[in-house]
1. Part of a loop (DSSP other than H, G, I, E, B), modelled with pLDDT of 95 or more and not aromatic (Phe, Trp, Tyr): does that describe B:Gly71?
2. What's the total number of residues in the range A:74-107 that are small (Gly, Ala, Ser), more than 7 Å from chain B (Cβ to nearest Cβ) and crowded, with 24+ Cβ neighbours inside 10 Å?
3. With the condition kept exactly as written, say whether any residue in the range B:42-61 is closer than 18 Å to A:Glu113 by Cβ, of a type outside the set (Gly, Ala, Ser) and assigned to a loop (DSSP other than H, G, I, E, B).
4. Residue under question is A:Gly163, and the condition is that it be at pLDDT 95 or above, on the phi > 0 side of the Ramachandran plot and more than 10 Å from chain B (Cβ to nearest Cβ); does it hold?
5. Filter the range B:128-147 down to residues that are facing another protein chain (nearest Cβ under 7 Å) and of a type in the set (Gly, Ala, Ser), then give me how many there are.
6. Out of curiosity, is A:Asn43 within 27 Å of A:Tyr137 (Cα to Cα) and either without any contact (Cβ under 8 Å) to a residue 60 or more places away in the chain or touching a Gly at 6+ places or on another chain (Cβ under 8 Å) (or both)?
7. Report those helices (runs of 4 or more DSSP H) wholly inside the range A:180-251 carrying at least 3 residues which are within 23 Å of A:Gln168 (Cα to Cα) and modelled with pLDDT of 90 or more.
8. Collect the residues in the range A:138-193 that are farther than 27 Å from A:Asn2 by Cβ and among the acidic types (Asp, Glu), keeping them in residue-number order.
There are 2 protein chains.
Amino acid sequence: MNQEKIFEQIKKKQSFLCVGLDSDITKIPQHLLNLSDPVFEFNKAIVDATQQYTIAYKPNLAFYECMGAKGYETFEKTVRYIKAQYPDILVIADAKRGDIGNTSEMYAKAIFEQIPSDAITVSPYMGEDSVTPFLKYGKWVIVLALTSNKGAFDFQFIENENGKLYEQVIKKTMQWATDDQLMFVVGATKAEMLADIRKIIPHHFLLVPGVGAQGGSLQEVAKYGMNKRCGLIVNSSRAIIFADNTTNFAKIASIKAKEVQEEMESLLKSYS
Amino acid sequence: MNQEKIFEQIKKKQSFLCVGLDSDITKIPQHLLNLSDPVFEFNKAIVDATQQYTIAYKPNLAFYECMGAKGYETFEKTVRYIKAQYPDILVIADAKRGDIGNTSEMYAKAIFEQIPSDAITVSPYMGEDSVTPFLKYGKWVIVLALTSNKGAFDFQFIENENGKLYEQVIKKTMQWATDDQLMFVVGATKAEMLADIRKIIPHHFLLVPGVGAQGGSLQEVAKYGMNKRCGLIVNSSRAIIFADNTTNFAKIASIKAKEVQEEMESLLKSYS
(Lines give C-alpha, C1' and ligand atoms only; values in the text may rest on other atoms or scores of the structure.)
Protein backbone atom coordinates (compact mmCIF):
# COMPACT_ATOMS: atom_id res chain seq x y z
CA MET A 1 0.00 0.00 0.00
CA ASN A 2 2.01 2.96 -1.28
CA GLN A 3 1.47 6.71 -0.73
CA GLU A 4 -0.84 6.95 -3.71
CA LYS A 5 -3.09 4.17 -2.40
CA ILE A 6 -3.29 5.77 1.02
CA PHE A 7 -4.15 9.10 -0.57
CA GLU A 8 -6.89 7.40 -2.61
CA GLN A 9 -8.46 6.17 0.62
CA ILE A 10 -8.15 9.60 2.15
CA LYS A 11 -9.94 11.17 -0.82
CA LYS A 12 -12.60 8.49 -0.91
CA LYS A 13 -13.42 8.70 2.79
CA GLN A 14 -12.53 12.40 3.19
CA SER A 15 -10.69 11.36 6.30
CA PHE A 16 -7.14 10.89 7.54
CA LEU A 17 -8.20 9.34 10.82
CA CYS A 18 -6.44 6.43 12.46
CA VAL A 19 -8.24 4.81 15.36
CA GLY A 20 -5.86 3.61 18.06
CA LEU A 21 -6.88 0.24 19.45
CA ASP A 22 -5.41 0.79 22.94
CA SER A 23 -8.05 -1.65 24.07
CA ASP A 24 -7.43 -1.77 27.82
CA ILE A 25 -9.48 -4.66 29.20
CA THR A 26 -10.18 -2.69 32.39
CA LYS A 27 -11.88 0.05 30.34
CA ILE A 28 -14.03 -1.88 27.89
CA PRO A 29 -17.78 -2.28 28.57
CA GLN A 30 -18.48 -4.76 31.37
CA HIS A 31 -21.02 -6.77 29.41
CA LEU A 32 -18.24 -7.99 27.10
CA LEU A 33 -16.26 -9.58 29.92
CA ASN A 34 -18.37 -12.76 29.84
CA LEU A 35 -17.29 -13.53 26.28
CA SER A 36 -14.33 -15.82 25.61
CA ASP A 37 -12.18 -13.05 24.07
CA PRO A 38 -13.64 -9.76 25.33
CA VAL A 39 -10.97 -7.48 23.84
CA PHE A 40 -11.29 -9.07 20.40
CA GLU A 41 -15.08 -8.68 20.51
CA PHE A 42 -14.61 -5.07 21.57
CA ASN A 43 -12.15 -4.41 18.72
CA LYS A 44 -14.38 -6.13 16.16
CA ALA A 45 -17.37 -4.01 17.17
CA ILE A 46 -15.32 -0.79 17.19
CA VAL A 47 -13.80 -1.56 13.79
CA ASP A 48 -17.12 -2.48 12.17
CA ALA A 49 -18.71 0.68 13.56
CA THR A 50 -15.93 3.11 12.62
CA GLN A 51 -14.41 1.68 9.41
CA GLN A 52 -16.32 3.97 7.08
CA TYR A 53 -14.71 7.01 8.74
CA THR A 54 -11.14 5.76 9.14
CA ILE A 55 -8.21 4.96 6.89
CA ALA A 56 -6.09 3.19 9.53
CA TYR A 57 -6.22 1.24 12.77
CA LYS A 58 -3.35 1.14 15.20
CA PRO A 59 -3.42 -1.67 17.77
CA ASN A 60 -0.92 -0.83 20.52
CA LEU A 61 0.86 -4.03 21.48
CA ALA A 62 1.33 -3.13 25.15
CA PHE A 63 -2.41 -3.37 25.77
CA TYR A 64 -2.36 -6.95 24.48
CA GLU A 65 0.94 -8.17 25.95
CA CYS A 66 -0.22 -7.09 29.43
CA MET A 67 -2.65 -10.03 29.19
CA GLY A 68 0.14 -12.46 28.31
CA ALA A 69 0.11 -15.00 25.47
CA LYS A 70 -3.69 -14.92 25.30
CA GLY A 71 -3.51 -11.15 24.80
CA TYR A 72 -0.89 -11.52 22.11
CA GLU A 73 -3.27 -13.86 20.32
CA THR A 74 -6.02 -11.22 20.58
CA PHE A 75 -3.66 -8.73 18.95
CA GLU A 76 -2.98 -11.14 16.09
CA LYS A 77 -6.66 -11.96 15.62
CA THR A 78 -7.46 -8.25 15.52
CA VAL A 79 -4.94 -7.57 12.74
CA ARG A 80 -6.17 -10.57 10.74
CA TYR A 81 -9.80 -9.56 11.18
CA ILE A 82 -9.27 -6.00 9.96
CA LYS A 83 -7.25 -7.04 6.90
CA ALA A 84 -9.74 -9.79 5.97
CA GLN A 85 -12.76 -7.53 6.26
CA TYR A 86 -11.34 -4.18 5.18
CA PRO A 87 -8.22 -4.82 3.07
CA ASP A 88 -7.90 -1.17 2.02
CA ILE A 89 -7.51 0.03 5.59
CA LEU A 90 -3.94 0.40 6.85
CA VAL A 91 -3.09 -1.63 9.95
CA ILE A 92 -0.26 -0.18 12.00
CA ALA A 93 1.29 -2.41 14.67
CA ASP A 94 2.25 0.14 17.30
CA ALA A 95 5.18 -1.77 18.75
CA LYS A 96 8.06 0.77 18.98
CA ARG A 97 10.54 -2.04 18.44
CA GLY A 98 14.23 -1.71 17.58
CA ASP A 99 17.23 -3.91 18.34
CA ILE A 100 20.42 -5.16 16.66
CA GLY A 101 19.97 -6.44 13.10
CA ASN A 102 19.35 -10.13 13.73
CA THR A 103 16.82 -9.30 16.44
CA SER A 104 14.97 -6.64 14.46
CA GLU A 105 14.67 -9.27 11.72
CA MET A 106 12.72 -11.44 14.16
CA TYR A 107 10.46 -8.55 15.19
CA ALA A 108 9.81 -7.87 11.51
CA LYS A 109 8.87 -11.51 11.04
CA ALA A 110 6.45 -11.26 13.98
CA ILE A 111 4.67 -8.25 12.54
CA PHE A 112 4.87 -8.83 8.78
CA GLU A 113 5.00 -12.63 8.33
CA GLN A 114 2.96 -13.98 11.23
CA ILE A 115 0.22 -11.44 10.59
CA PRO A 116 -0.72 -9.17 7.67
CA SER A 117 0.13 -5.80 9.28
CA ASP A 118 0.91 -2.97 6.85
CA ALA A 119 3.17 -0.94 9.13
CA ILE A 120 5.15 -0.99 12.35
CA THR A 121 6.37 1.81 14.62
CA VAL A 122 10.11 1.65 15.31
CA SER A 123 12.42 3.38 17.79
CA PRO A 124 15.54 4.90 16.18
CA TYR A 125 17.93 4.85 19.17
CA MET A 126 20.00 1.89 17.93
CA GLY A 127 20.46 3.26 14.41
CA GLU A 128 20.44 1.90 10.88
CA ASP A 129 20.76 -1.85 11.41
CA SER A 130 17.92 -1.69 13.94
CA VAL A 131 15.60 -0.12 11.35
CA THR A 132 16.50 -1.60 7.96
CA PRO A 133 15.38 -5.20 8.66
CA PHE A 134 11.81 -3.90 8.86
CA LEU A 135 12.13 -2.36 5.38
CA LYS A 136 12.67 -5.65 3.58
CA TYR A 137 8.98 -6.49 3.49
CA GLY A 138 7.90 -3.63 1.25
CA LYS A 139 5.60 -2.45 4.03
CA TRP A 140 5.65 0.77 6.04
CA VAL A 141 8.19 1.56 8.74
CA ILE A 142 7.17 4.43 10.97
CA VAL A 143 10.12 5.86 12.89
CA LEU A 144 9.73 7.80 16.14
CA ALA A 145 10.96 11.34 15.59
CA LEU A 146 9.19 13.83 17.84
CA THR A 147 6.82 12.19 20.30
CA SER A 148 3.86 13.79 22.05
CA ASN A 149 4.72 13.00 25.66
CA LYS A 150 6.40 15.13 28.32
CA GLY A 151 9.52 12.95 28.21
CA ALA A 152 10.05 13.98 24.57
CA PHE A 153 11.94 16.99 25.96
CA ASP A 154 14.49 14.82 27.77
CA PHE A 155 16.51 13.70 24.75
CA GLN A 156 14.75 14.48 21.47
CA PHE A 157 15.68 18.17 21.72
CA ILE A 158 19.39 17.64 22.37
CA GLU A 159 20.94 19.96 19.82
CA ASN A 160 24.27 20.57 18.10
CA GLU A 161 25.41 22.18 14.84
CA ASN A 162 23.48 19.55 12.87
CA GLY A 163 20.17 20.31 14.53
CA LYS A 164 18.06 18.73 17.22
CA LEU A 165 18.17 14.97 17.80
CA TYR A 166 14.69 14.43 16.31
CA GLU A 167 15.71 16.42 13.22
CA GLN A 168 18.90 14.39 12.87
CA VAL A 169 16.87 11.21 13.21
CA ILE A 170 14.66 12.34 10.33
CA LYS A 171 17.57 13.48 8.14
CA LYS A 172 19.53 10.28 8.58
CA THR A 173 16.63 7.84 8.47
CA MET A 174 15.21 9.31 5.27
CA GLN A 175 18.38 8.14 3.50
CA TRP A 176 17.57 4.50 4.25
CA ALA A 177 14.30 4.27 2.32
CA THR A 178 11.91 6.15 0.06
CA ASP A 179 8.85 8.10 1.16
CA ASP A 180 6.83 5.11 -0.07
CA GLN A 181 8.32 2.99 2.72
CA LEU A 182 8.99 5.39 5.54
CA MET A 183 6.80 7.57 7.74
CA PHE A 184 7.60 9.45 10.93
CA VAL A 185 5.83 9.81 14.25
CA VAL A 186 5.42 13.50 15.02
CA GLY A 187 3.54 14.50 18.16
CA ALA A 188 0.58 16.82 17.79
CA THR A 189 1.26 18.73 21.00
CA LYS A 190 3.93 20.67 19.11
CA ALA A 191 2.03 21.46 15.93
CA GLU A 192 4.04 24.56 15.07
CA MET A 193 7.16 22.37 14.79
CA LEU A 194 5.44 20.56 11.95
CA ALA A 195 6.26 23.52 9.72
CA ASP A 196 9.99 23.02 10.34
CA ILE A 197 9.71 19.29 9.89
CA ARG A 198 7.91 19.83 6.57
CA LYS A 199 10.98 21.75 5.36
CA ILE A 200 13.04 18.57 5.82
CA ILE A 201 10.46 16.07 4.60
CA PRO A 202 7.83 17.77 2.45
CA HIS A 203 6.54 14.54 0.96
CA HIS A 204 6.55 11.94 3.76
CA PHE A 205 3.46 10.80 5.57
CA LEU A 206 3.47 11.69 9.26
CA LEU A 207 1.72 9.64 11.90
CA VAL A 208 0.43 12.12 14.43
CA PRO A 209 -0.60 10.80 17.82
CA GLY A 210 -1.93 12.94 20.59
CA VAL A 211 -5.02 14.48 19.07
CA GLY A 212 -7.87 14.04 21.53
CA ALA A 213 -6.99 12.67 24.97
CA GLN A 214 -3.37 13.79 24.62
CA GLY A 215 -4.52 17.30 23.77
CA GLY A 216 -3.40 18.30 20.27
CA SER A 217 -5.42 20.45 17.91
CA LEU A 218 -6.44 18.99 14.58
CA GLN A 219 -6.72 22.46 13.03
CA GLU A 220 -3.11 23.27 13.87
CA VAL A 221 -1.85 19.91 12.67
CA ALA A 222 -3.55 20.35 9.31
CA LYS A 223 -2.38 23.95 8.99
CA TYR A 224 1.30 23.13 9.54
CA GLY A 225 1.54 19.52 8.44
CA MET A 226 -0.66 18.89 5.43
CA ASN A 227 0.89 18.43 1.98
CA LYS A 228 -0.42 17.77 -1.52
CA ARG A 229 -1.25 14.14 -0.75
CA CYS A 230 -2.54 15.09 2.69
CA GLY A 231 0.61 13.55 4.21
CA LEU A 232 -1.05 13.10 7.59
CA ILE A 233 -2.48 10.16 9.46
CA VAL A 234 -3.88 11.47 12.72
CA ASN A 235 -4.53 9.05 15.53
CA SER A 236 -7.25 9.23 18.10
CA SER A 237 -7.75 6.45 20.57
CA ARG A 238 -9.43 6.91 23.95
CA ALA A 239 -11.66 9.78 22.76
CA ILE A 240 -13.27 7.40 20.27
CA ILE A 241 -13.01 3.86 21.60
CA PHE A 242 -13.88 4.70 25.21
CA ALA A 243 -16.42 7.45 24.52
CA ASP A 244 -19.08 5.21 26.03
CA ASN A 245 -18.98 2.01 28.03
CA THR A 246 -22.55 0.78 27.84
CA THR A 247 -23.99 -1.65 25.29
CA ASN A 248 -24.11 1.41 23.01
CA PHE A 249 -20.31 1.76 22.91
CA ALA A 250 -19.88 0.92 19.23
CA LYS A 251 -22.63 3.29 18.14
CA ILE A 252 -21.13 6.13 20.17
CA ALA A 253 -17.63 5.35 18.86
CA SER A 254 -19.07 5.57 15.36
CA ILE A 255 -20.60 9.00 16.12
CA LYS A 256 -17.29 10.25 17.57
CA ALA A 257 -15.33 8.95 14.57
CA LYS A 258 -17.82 10.61 12.23
CA GLU A 259 -17.36 13.94 14.04
CA VAL A 260 -13.61 13.75 13.54
CA GLN A 261 -14.06 12.69 9.92
CA GLU A 262 -16.29 15.70 9.26
CA GLU A 263 -13.72 18.06 10.73
CA MET A 264 -11.06 16.36 8.58
CA GLU A 265 -13.23 16.73 5.48
CA SER A 266 -13.38 20.46 5.97
CA LEU A 267 -9.63 20.64 6.64
CA LEU A 268 -8.89 18.63 3.49
CA LYS A 269 -10.93 21.16 1.54
CA SER A 270 -9.07 24.08 3.13
CA TYR A 271 -5.47 22.93 2.93
CA SER A 272 -4.73 20.22 0.37
CA MET B 1 17.01 -8.78 44.04
CA ASN B 2 19.24 -5.80 44.88
CA GLN B 3 22.92 -5.17 44.00
CA GLU B 4 24.13 -6.97 47.12
CA LYS B 5 22.15 -10.11 46.24
CA ILE B 6 23.48 -10.12 42.69
CA PHE B 7 27.01 -9.70 44.01
CA GLU B 8 26.48 -12.63 46.39
CA GLN B 9 25.60 -14.82 43.42
CA ILE B 10 28.64 -13.56 41.53
CA LYS B 11 30.92 -14.46 44.45
CA LYS B 12 29.26 -17.81 44.99
CA LYS B 13 29.47 -18.87 41.36
CA GLN B 14 32.63 -16.90 40.54
CA SER B 15 30.82 -15.81 37.41
CA PHE B 16 29.12 -12.73 35.99
CA LEU B 17 27.77 -14.56 32.96
CA CYS B 18 24.33 -14.00 31.50
CA VAL B 19 23.20 -16.51 28.90
CA GLY B 20 21.09 -14.93 26.18
CA LEU B 21 18.15 -17.09 25.19
CA ASP B 22 17.95 -15.90 21.57
CA SER B 23 16.43 -19.27 20.88
CA ASP B 24 15.84 -19.11 17.13
CA ILE B 25 13.70 -22.11 16.19
CA THR B 26 15.57 -22.45 12.88
CA LYS B 27 18.86 -22.96 14.76
CA ILE B 28 17.92 -25.38 17.54
CA PRO B 29 18.74 -29.09 17.15
CA GLN B 30 16.46 -30.84 14.68
CA HIS B 31 15.54 -33.69 17.00
CA LEU B 32 13.63 -31.23 19.22
CA LEU B 33 11.28 -30.17 16.43
CA ASN B 34 8.99 -33.16 16.98
CA LEU B 35 8.17 -32.02 20.51
CA SER B 36 5.07 -29.93 21.21
CA ASP B 37 7.09 -26.86 22.30
CA PRO B 38 10.57 -27.29 20.82
CA VAL B 39 11.93 -23.90 21.89
CA PHE B 40 10.79 -24.37 25.48
CA GLU B 41 12.41 -27.82 25.60
CA PHE B 42 15.57 -26.31 24.18
CA ASN B 43 15.58 -23.50 26.75
CA LYS B 44 14.88 -25.90 29.61
CA ALA B 45 17.79 -28.13 28.61
CA ILE B 46 20.14 -25.16 28.13
CA VAL B 47 19.16 -23.64 31.48
CA ASP B 48 19.50 -26.91 33.41
CA ALA B 49 22.91 -27.53 31.82
CA THR B 50 24.34 -24.03 32.33
CA GLN B 51 22.72 -22.73 35.54
CA GLN B 52 25.68 -23.55 37.76
CA TYR B 53 27.88 -21.21 35.70
CA THR B 54 25.50 -18.32 35.19
CA ILE B 55 23.92 -15.59 37.29
CA ALA B 56 21.38 -14.43 34.70
CA TYR B 57 19.34 -15.49 31.68
CA LYS B 58 18.14 -13.08 29.07
CA PRO B 59 15.33 -14.30 26.83
CA ASN B 60 15.10 -11.97 23.83
CA LEU B 61 11.42 -11.41 23.07
CA ALA B 62 11.85 -11.05 19.31
CA PHE B 63 12.82 -14.70 18.98
CA TYR B 64 9.52 -15.69 20.60
CA GLU B 65 7.19 -13.12 19.03
CA CYS B 66 8.34 -14.21 15.56
CA MET B 67 6.40 -17.43 16.27
CA GLY B 68 3.24 -15.50 17.17
CA ALA B 69 1.07 -16.08 20.25
CA LYS B 70 2.42 -19.60 20.68
CA GLY B 71 5.94 -18.18 20.80
CA TYR B 72 4.91 -15.55 23.31
CA GLU B 73 3.63 -18.38 25.48
CA THR B 74 7.01 -20.12 25.15
CA PHE B 75 8.69 -16.94 26.37
CA GLU B 76 6.39 -16.79 29.41
CA LYS B 77 6.88 -20.49 30.19
CA THR B 78 10.64 -20.02 29.99
CA VAL B 79 10.64 -17.15 32.50
CA ARG B 80 8.37 -19.08 34.87
CA TYR B 81 10.49 -22.21 34.58
CA ILE B 82 13.75 -20.44 35.41
CA LYS B 83 12.33 -18.57 38.41
CA ALA B 84 10.63 -21.71 39.77
CA GLN B 85 13.74 -23.86 39.47
CA TYR B 86 16.49 -21.32 40.11
CA PRO B 87 15.01 -18.39 42.05
CA ASP B 88 18.42 -16.79 42.71
CA ILE B 89 19.16 -16.39 39.01
CA LEU B 90 18.23 -13.04 37.48
CA VAL B 91 15.82 -13.20 34.54
CA ILE B 92 16.09 -10.28 32.17
CA ALA B 93 13.29 -9.80 29.65
CA ASP B 94 15.19 -8.33 26.69
CA ALA B 95 12.33 -6.34 25.25
CA LYS B 96 13.73 -2.84 24.58
CA ARG B 97 10.30 -1.36 25.21
CA GLY B 98 9.46 2.31 25.77
CA ASP B 99 6.33 4.34 25.03
CA ILE B 100 4.22 7.11 26.59
CA GLY B 101 3.42 6.61 30.28
CA ASN B 102 0.09 4.79 30.07
CA THR B 103 1.52 2.41 27.47
CA SER B 104 4.79 1.72 29.31
CA GLU B 105 2.60 0.85 32.31
CA MET B 106 1.03 -1.92 30.24
CA TYR B 107 4.43 -3.22 29.08
CA ALA B 108 5.55 -3.24 32.72
CA LYS B 109 2.48 -5.25 33.62
CA ALA B 110 3.30 -7.75 30.83
CA ILE B 111 6.83 -8.30 32.09
CA PHE B 112 6.48 -7.93 35.87
CA GLU B 113 2.90 -9.00 36.68
CA GLN B 114 2.09 -11.63 34.09
CA ILE B 115 5.44 -13.32 34.65
CA PRO B 116 8.09 -13.18 37.39
CA SER B 117 10.88 -11.45 35.41
CA ASP B 118 13.45 -9.57 37.48
CA ALA B 119 14.45 -7.02 34.85
CA ILE B 120 13.52 -5.47 31.52
CA THR B 121 15.58 -3.65 28.91
CA VAL B 122 14.14 -0.25 27.99
CA SER B 123 14.83 2.23 25.19
CA PRO B 124 15.33 5.83 26.42
CA TYR B 125 14.28 7.75 23.29
CA MET B 126 10.89 8.87 24.67
CA GLY B 127 12.29 10.10 28.00
CA GLU B 128 11.25 9.99 31.63
CA ASP B 129 7.59 9.02 31.47
CA SER B 130 8.51 6.16 29.13
CA VAL B 131 10.94 4.73 31.71
CA THR B 132 9.49 5.44 35.16
CA PRO B 133 6.42 3.14 34.89
CA PHE B 134 8.83 0.19 34.82
CA LEU B 135 10.41 1.33 38.09
CA LYS B 136 7.26 0.95 40.17
CA TYR B 137 7.70 -2.78 40.60
CA GLY B 138 10.91 -2.67 42.62
CA LYS B 139 12.58 -4.71 39.89
CA TRP B 140 15.46 -3.83 37.59
CA VAL B 141 15.17 -1.44 34.67
CA ILE B 142 18.05 -1.70 32.22
CA VAL B 143 18.28 1.36 29.98
CA LEU B 144 20.00 1.30 26.58
CA ALA B 145 22.96 3.66 26.69
CA LEU B 146 25.72 2.57 24.31
CA THR B 147 24.78 -0.44 22.22
CA SER B 148 27.15 -2.89 20.53
CA ASN B 149 25.87 -2.68 16.97
CA LYS B 150 27.13 -0.68 14.00
CA GLY B 151 24.05 1.56 14.12
CA ALA B 152 25.10 2.76 17.58
CA PHE B 153 27.20 5.36 15.77
CA ASP B 154 24.19 6.88 14.00
CA PHE B 155 22.67 8.72 16.96
CA GLN B 156 24.22 7.65 20.28
CA PHE B 157 27.38 9.70 19.61
CA ILE B 158 25.62 12.94 18.74
CA GLU B 159 27.45 15.41 20.94
CA ASN B 160 27.05 18.90 22.34
CA GLU B 161 28.43 20.81 25.33
CA ASN B 162 26.73 18.34 27.70
CA GLY B 163 28.43 15.31 26.21
CA LYS B 164 27.44 12.56 23.82
CA LEU B 165 23.83 11.39 23.62
CA TYR B 166 24.57 8.10 25.41
CA GLU B 167 26.33 10.01 28.21
CA GLN B 168 23.39 12.38 28.52
CA VAL B 169 21.05 9.40 28.64
CA ILE B 170 23.04 7.98 31.55
CA LYS B 171 23.31 11.30 33.41
CA LYS B 172 19.63 12.08 33.16
CA THR B 173 18.28 8.57 33.70
CA MET B 174 20.37 8.01 36.84
CA GLN B 175 18.34 10.80 38.48
CA TRP B 176 15.15 8.79 38.14
CA ALA B 177 16.15 5.83 40.32
CA THR B 178 18.87 4.41 42.55
CA ASP B 179 21.63 2.06 41.49
CA ASP B 180 19.59 -0.70 43.13
CA GLN B 181 16.89 -0.26 40.47
CA LEU B 182 18.73 0.85 37.39
CA MET B 183 21.36 -0.71 35.15
CA PHE B 184 22.62 0.35 31.73
CA VAL B 185 23.32 -1.54 28.53
CA VAL B 186 26.87 -0.81 27.43
CA GLY B 187 28.21 -2.57 24.35
CA ALA B 188 31.42 -4.55 24.69
CA THR B 189 32.74 -3.62 21.27
CA LYS B 190 33.84 -0.29 22.74
CA ALA B 191 35.43 -1.50 25.97
CA GLU B 192 37.74 1.48 26.38
CA MET B 193 34.67 3.73 26.65
CA LEU B 194 33.72 1.81 29.76
CA ALA B 195 36.40 3.75 31.64
CA ASP B 196 34.65 7.04 30.81
CA ILE B 197 31.27 5.61 31.65
CA ARG B 198 32.60 4.42 35.01
CA LYS B 199 33.47 8.05 35.83
CA ILE B 200 29.76 8.92 35.54
CA ILE B 201 28.36 5.79 37.17
CA PRO B 202 30.99 4.08 39.32
CA HIS B 203 28.46 1.97 41.21
CA HIS B 204 25.83 0.87 38.69
CA PHE B 205 25.66 -2.59 37.21
CA LEU B 206 26.22 -2.66 33.47
CA LEU B 207 24.69 -5.23 31.16
CA VAL B 208 27.27 -5.89 28.50
CA PRO B 209 26.11 -7.62 25.32
CA GLY B 210 28.39 -8.45 22.46
CA VAL B 211 30.97 -10.72 24.04
CA GLY B 212 31.31 -13.78 21.85
CA ALA B 213 29.51 -13.75 18.49
CA GLN B 214 29.36 -9.93 18.48
CA GLY B 215 33.11 -9.81 19.07
CA GLY B 216 33.93 -8.07 22.35
CA SER B 217 36.80 -9.04 24.63
CA LEU B 218 36.00 -10.14 28.15
CA GLN B 219 39.46 -9.12 29.37
CA GLU B 220 38.96 -5.55 28.20
CA VAL B 221 35.48 -5.33 29.62
CA ALA B 222 36.69 -6.47 33.04
CA LYS B 223 39.70 -4.16 32.94
CA TYR B 224 37.69 -1.03 32.20
CA GLY B 225 34.30 -1.86 33.65
CA MET B 226 34.64 -3.83 36.85
CA ASN B 227 33.95 -2.19 40.21
CA LYS B 228 34.01 -3.30 43.84
CA ARG B 229 30.81 -5.33 43.48
CA CYS B 230 31.89 -6.57 40.06
CA GLY B 231 29.29 -4.26 38.50
CA LEU B 232 29.17 -6.28 35.29
CA ILE B 233 26.75 -8.76 33.83
CA VAL B 234 28.20 -9.99 30.57
CA ASN B 235 25.95 -11.66 28.06
CA SER B 236 26.84 -14.42 25.68
CA SER B 237 24.21 -16.02 23.54
CA ARG B 238 24.95 -17.79 20.26
CA ALA B 239 28.48 -18.86 21.29
CA ILE B 240 26.95 -20.88 24.11
CA ILE B 241 23.44 -21.92 23.14
CA PHE B 242 24.25 -22.82 19.53
CA ALA B 243 27.73 -24.26 20.12
CA ASP B 244 26.40 -27.65 19.04
CA ASN B 245 23.22 -28.78 17.35
CA THR B 246 23.26 -32.51 17.92
CA THR B 247 21.63 -34.41 20.79
CA ASN B 248 24.71 -33.31 22.76
CA PHE B 249 23.79 -29.61 22.55
CA ALA B 250 23.12 -29.10 26.27
CA LYS B 251 26.33 -30.81 27.32
CA ILE B 252 28.37 -28.69 24.89
CA ALA B 253 26.58 -25.52 26.03
CA SER B 254 27.51 -26.45 29.58
CA ILE B 255 31.17 -26.84 28.60
CA LYS B 256 31.15 -23.49 26.80
CA ALA B 257 29.50 -21.77 29.77
CA LYS B 258 32.05 -23.33 32.12
CA GLU B 259 34.90 -22.01 29.95
CA VAL B 260 33.51 -18.48 30.19
CA GLN B 261 32.93 -18.90 33.93
CA GLU B 262 36.54 -19.94 34.43
CA GLU B 263 37.81 -16.91 32.55
CA MET B 264 35.47 -14.76 34.67
CA GLU B 265 36.76 -16.37 37.86
CA SER B 266 40.30 -15.35 37.03
CA LEU B 267 39.18 -11.82 36.09
CA LEU B 268 37.26 -11.48 39.35
CA LYS B 269 40.46 -12.36 41.19
CA SER B 270 42.49 -9.83 39.20
CA TYR B 271 40.21 -6.81 39.25
CA SER B 272 37.59 -6.73 41.99
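The values are calculated or read from the model by the stated rules, or taken from the named source; none is laboratory data. From a predicted model like this one, the values you see are computed outputs, not experimental measurements. Please note: Cβ atoms are built from the backbone with ideal geometry, for glycine as well, and neighbour counts cover all protein chains shown.
1. Numbers: part of a loop (DSSP other than H, G, I, E, B): no; modelled with pLDDT of 95 or more: yes; not aromatic (Phe, Trp, Tyr): yes.
Criteria not met by B:Gly71.
2. Summing the residues that are small (Gly, Ala, Ser), more than 7 Å from chain B (Cβ to nearest Cβ) and crowded, with 24+ Cβ neighbours inside 10 Å in the range A:74-107 gives 3.
3. Taking the range B:42-61 and keeping what is closer than 18 Å to A:Glu113 by Cβ, we get B:60-61.
If we keep only those that are of a type outside the set (Gly, Ala, Ser) too, we end up with B:60-61.
Filter once more, so that each one left must be assigned to a loop (DSSP other than H, G, I, E, B): B:61.
Scanning the range B:42-61, I find at least one residue that is closer than 18 Å to A:Glu113 by Cβ, of a type outside the set (Gly, Ala, Ser) and assigned to a loop (DSSP other than H, G, I, E, B), so the answer is yes.
4. Working: at pLDDT 95 or above: yes; on the phi > 0 side of the Ramachandran plot: yes; more than 10 Å from chain B (Cβ to nearest Cβ): no.
No, not satisfied.
5. At the first step, the residues of the range B:128-147 found to be facing another protein chain (nearest Cβ under 7 Å) are B:128-130, B:144, B:147.
From what's left, of a type in the set (Gly, Ala, Ser): B:130.
Matching residues across the range B:128-147 total 1.
6. Numbers: within 27 Å of A:Tyr137 (Cα to Cα): yes; either without any contact (Cβ under 8 Å) to a residue 60 or more places away in the chain or touching a Gly at 6+ places or on another chain (Cβ under 8 Å) (or both): yes.
Yes, satisfied.
7. Values: elements: A:193-200, A:218-225, A:238-241.
By residue number, A:193-200, A:218-225.
8. Applying the first criterion (farther than 27 Å from A:Asn2 by Cβ) to the range A:138-193 yields A:149-165, A:189-190, A:192.
A:Asp154, A:Glu159, A:Glu161, A:Glu192 - these are the residues of the range A:138-193 that are farther than 27 Å from A:Asn2 by Cβ and among the acidic types (Asp, Glu).
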